[in-house]
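Structure first, then comments.
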Amino acid sequence: MNSPAILKVALDTPLRRLFDYLPGQSLAAVGCRVRVPFGRQQLVGLVVAHGAGSDVPPEKLKAVTEVIDTAPLLEAPLLRFLEWAAGYYHHPVGSVLAAALPKLLREGQDAREAIRFWSATPAGQEALAAGTLARAPKQRELLAVLCDHGPLSGLDLSERLPRWRELARSLLARGYAECVEQVLEATAVGPGARAAQVHALSSEQQQALDSLVAGLGQFGSFLLDGVTGSGKTEVYLRLIDEVLARGQTALLLCPEIGLTPQLISRFAERFSVPIAALHSGLTDRERLAAWRSAAGGVARIVIGTRSAVFAPLRELGVIVVDEEHDASFKQHEGGFRYSARDLAVVRAQAAAVPILLGSATPSFESLHNVVLGKSTRLSLPRRAGAAEPPSLQLIDMRAHAVHRGLSTPLATAIERHLAAGGQVLVFINRRGYAPTLLCSGCGWIAPCQHCDARMTVHQREGRLSCHHCGAEEPLPQACPRCGHSVRPLGHGTERVEETLAERFPGQPIARFDRDSVRQSADLEAAIDRVTSGEARILVGTQMLTKGHHFPDVTLVGVLNADQSLFSTDFRAAERLAQTIVQVAGRAGRAARAGEVLIQTEFPQHPLLQSLLAEGYGGFARQALTEREAAGWPPYGRLALLRASGVKPQAAIEFLTQARRIAGTPAGIALQGPVPAAMVRRAGRHYAQLLVESAERPVLQRFLASWLPQVEQLESGRNLRWALDVDPLEVF
Ligand code: ADP
Ligand code: ZN
Ligand code: ZN
């Protein structure tokens, strides 16, 4: 080698570029982590490329301090994929890489430490007992730890004895300790006993599976459009079985693992290979171990939420995205706002494997891709087994007596279904006791001090809480302004539970919302109460719409469908239809037919009418025509520049300048800046600037030239701002 290569290093900084370093003692390969001097700190970065030269003058170039990995941590295709994501979302590559790596790896932790296990040898145990190491008290201490608690991973040891490495090496040299590498499935749920019952596929399931299997080995996009309970999961299982048989691995993305423990256990029952679960409920160490087991090719199936789209699987054979319409696939906080579903398609393309998107209520984007011929629709129009589709009916709230949010026809139906031995599910998309606390004297409404929002009443805990910023206050007994009495107005899950308990005494109720179900153990307990038949009535929020299988639920009541009927967001109708259809899908999933009653003040609303008359597919076709006329996605492309500042006008001023420097680019429309729908949130003032284009490449080119200039704006320095490419919500 003649001239030393320059290392192009990605660092987790807000700067949209790579940093040049000299190699130091040994040349770090692309994909390896290095520790580098950065200002007065030492940062961990990842080598993204080797370059021949640098724009930095040679005397200013610094050398890397340490090469952390001896072999690439990320394989080239995964690295290229992450770079692509950084480009598409116009986000610094260092920060994208940081989002993709477990925290312990970002901090420079030895990638193998999670799987390297240390223990005392018999000689070590004897030595300890004989007091041999009296002159080396530190080594003795470590040996004692290993004798008492071993085998311990490097990570465990780091927690107990920060400077254990050198000591361990000495013990190893003396033959008192040993070290083995073993990938422990810290998060694995398998290996299953293959005890699960396997159904004979319906002809539609078989057809879908045949098309998917025929598509293995190359890129192809498939939409599994199957009504709730039609056996989509069964198709995933069979497809993955086939992929495993070919010696390949599978990635399954799902919305929220904590909320779908049933999904994981179905996989664990069916397969006897190690499965790694990657989700937010893991500790840092568990996450690293799961990540390592995927990277090492040990885990053959990775099941995970959003960020698992970056999981380092080997020999990937297929990607499945379950409930692909779910909004939680979109990261909508922080700087790197990506869609895991969209990235999954790109990753499948790069890996030349098929992608399967499954849903009972496909996103309009996915339906449109079918129309464009970019994706193949596989349909499961019938429920699996003997289950019949539920019947949907509207209850006109203006025509019936209503007691505490519960109309007479719904109450009567609940009574009837309970008497017939069915379980009843009541859906209300609002947690807490009531959304408003009102003074009956002066009309005062309890406001959040930090947001343009009302406080929600949580009666049982005696507090008010803001669902936007988390602020809490004790529940006042009287109006702070005039001293009159105050009363809760409207209904949330807690109040509905109370109403139902009064109306149907002796019928046990299970409540599902974020207040009553805080962790997956709570959820499992609640699900158990339902599946065992102990609970007769289920009350809950969105949480109840997610994939649960409750065979004995025969009636679903939807209490407040009206909330989103008149929302200004272009996606509100799609969301509402998805919610109604998903929650309706919980009814009658087994032998008994289901009934769904939707309370509304607007029974003539075209959205509800088309949903009832034509189902989700018909509704979607109609709503897509409206989107096309308005140029909204999936017909047009959007990006949203959001900003917030502590001073009321700061965000607007910054966005006004950002708009000014954009000029009038061809094919781009800029809308705004405008204050956000909720201007003040958690003490900050929000505003946004919408960028529209009919063509994705036009939008991408514009963003690429505009953002570096936006970054230079003085007015942006003391603000928080972020670009959201393909935002889910624009108001
Ligand atoms: P989805 O994922 O579409 O909601 P599931 O795969 O969970 O549907 O299937 C719904 C129920 O039907 C499950 O209890 C499943 O075991 C059962 N099931 C799936 N496929 C079949 C089949 N071919 N025959 C009988 N039952 C089936
Ligand atoms: Zn008052
Ligand atoms: Zn608030």
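Going by the conditions given, is SER280 surrounded by fewer than 24 Cβ atoms within 10 Å (Cβ to Cβ) and not in a strand (DSSP E or B)? Talk me through it step by step, then tell me what you get.
Values: surrounded by fewer than 24 Cβ atoms within 10 Å (Cβ to Cβ): yes; not in a strand (DSSP E or B): yes.
The answer is yes for SER280.
Quick check: is even one residue across the range 349-367 closer than 21 Å to ARG586 by Cβ and either open to solvent by 40 Å² or more (accessible area, probe 1.4 Å) or assigned to a strand (DSSP E or B) (or both)? Break it down into steps so the answer makes sense when it comes.
Within the range 349-367, the subset closer than 21 Å to ARG586 by Cβ is 358-363.
With the extra rule that they be either open to solvent by 40 Å² or more (accessible area, probe 1.4 Å) or assigned to a strand (DSSP E or B) (or both), the set shrinks to 358-359.
Within the range 349-367, one or more residues are closer than 21 Å to ARG586 by Cβ and either open to solvent by 40 Å² or more (accessible area, probe 1.4 Å) or assigned to a strand (DSSP E or B) (or both).
Condition (residue is part of a strand (DSSP E or B), in contact with a strand residue (DSSP E or B) (Cβ under 6 Å, 6 or more places away or on another chain) and under 17 Å from GLY540 (Cα atoms)) applied to the range 511-527: is it met by at least one residue? Even if it seems obvious, please write down each step before you answer.
Taking the range 511-527 and keeping what is part of a strand (DSSP E or B), we get 511-512.
Those left that are additionally in contact with a strand residue (DSSP E or B) (Cβ under 6 Å, 6 or more places away or on another chain): 511-512.
Still in the list and also under 17 Å from GLY540 (Cα atoms): 511-512.
Within the range 511-527, one or more residues are part of a strand (DSSP E or B), in contact with a strand residue (DSSP E or B) (Cβ under 6 Å, 6 or more places away or on another chain) and under 17 Å from GLY540 (Cα atoms).
Quick check on the range 601-609. Is at least one of its residues surrounded by 20 or more Cβ atoms within 10 Å (Cβ to Cβ) and not assigned by TED's automatic domain parsing to the domain that holds GLY716? Spell out the reasoning first.
Just the residues of the range 601-609 that are surrounded by 20 or more Cβ atoms within 10 Å (Cβ to Cβ), to begin with: 607-608.
Applying the additional criterion that residues be not assigned by TED's automatic domain parsing to the domain that holds GLY716 yields 607-608.
Checked the range 601-609: at least one residue is surrounded by 20 or more Cβ atoms within 10 Å (Cβ to Cβ) and not assigned by TED's automatic domain parsing to the domain that holds GLY716.
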* To do: Using the structure shown, decide if PHE271 is more than 30 Å from GLU614 (Cβ to Cβ) and of a type in the set (Phe, Trp, Tyr).
  => yes
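Report the residue count in the range 626-668 for those that are among the small types (Gly, Ala, Ser), more than 17 Å from PHE570 (Cα to Cα) and open to solvent by less than 60 Å² (accessible area, probe 1.4 Å).
Quick first cut of the range 626-668, residues among the small types (Gly, Ala, Ser) only: 629-631, 636, 639, 643-645, 650-651, 658, 662-663, 666-667.
Narrowing further to those that are more than 17 Å from PHE570 (Cα to Cα): 643-645, 650-651, 658, 662-663, 666-667.
Of the ones still in play, those that are also open to solvent by less than 60 Å² (accessible area, probe 1.4 Å) are 643-645, 650-651, 658, 662-663, 667.
Here the count works out to 9.
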Practice item. Please indicate, with yes or no, whether at least one residue in the range 75-93 is under 30 Å from GLU159 (Cα atoms), at pLDDT 90 or above and buried (at least 22 other Cβ atoms within 10 Å of the Cβ). Key: no
Within the range 313-335, the residues that are outside any strand (DSSP E or B) and open to solvent by less than 10 Å² (accessible area, probe 1.4 Å) are GLU324, PHE329
Going through (1) more than 16 Å from GLY334 (Cα to Cα); (2) at pLDDT below 95 one by one, TRP706 fails only at (2)
Those residues of the range 697-731 that are open to solvent by 90 Å² or more (accessible area, probe 1.4 Å) and either in contact with a Leu (Cβ under 9 Å, 6 or more places away or on another chain) or of a type in the set (D, E, K, R) (or both) come to a total of 5
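Let's see how each residue does on (1) closer than 30 Å to GLY470 by Cβ; (2) under 23 Å from the mean Cα position of the chain (by Cα); (3) without any contact (Cβ under 8 Å) to a residue 40 or more places away in the chain:
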{"position": "LEU367", "(1), (2), (3)": "no, yes, no"}
{"position": "GLY373", "(1), (2), (3)": "no, no, yes"}
{"position": "GLU388", "(1), (2), (3)": "no, no, no"}
{"position": "GLY405", "(1), (2), (3)": "yes, no, no"}
{"position": "ALA434", "(1), (2), (3)": "yes, no, no"}
Note on PRO673: of the conditions (1) touching a strand residue (DSSP E or B) at 6+ places or on another chain (Cβ under 9 Å); (2) within 23 Å of SER339 (Cβ to Cβ), unmet is (2)
If we ask which residues in the range 472-491 are at pLDDT below 95 and away from ligand 2 (no atom under 16 Å from the Cβ), their number turns out to be 2
**Message:** For the range 585-592, check the following and say yes or no: at least one residue is surrounded by fewer than 21 Cβ atoms within 10 Å (Cβ to Cβ) and under 24 Å from LEU406 (Cα atoms).
**Reply:** no
Residue hits (the range 197-226; in a loop (DSSP other than H, G, I, E, B), near ligand 1 (Cβ under 9 Å from one of its atoms) and open to solvent by less than 60 Å² (accessible area, probe 1.4 Å)) are LEU201, SER202
Practice prompt. Check whether at least one residue in the range 438-446 is outside the structural domain of ASP528 (by TED's automatic domain parsing), within 16 Å of ligand 3 (Cβ to nearest atom) and open to solvent by 30 Å² or more (accessible area, probe 1.4 Å), and report yes or no.
Written response: yes
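The values are calculated or read from the model by the stated rules, or taken from the named source; none is laboratory data. These figures come from a predicted structure and were not determined experimentally. With ideal geometry, Cβ positions are generated from the backbone for all residues, glycine too; neighbour counts draw on all protein chains shown. Quick note on the areas: whole protein, heavy atoms, side chains included, nothing else; ligands and nucleic acids left out. Shrake-Rupley method; radii C 1.70, N 1.55, O 1.52, S 1.80 Å.
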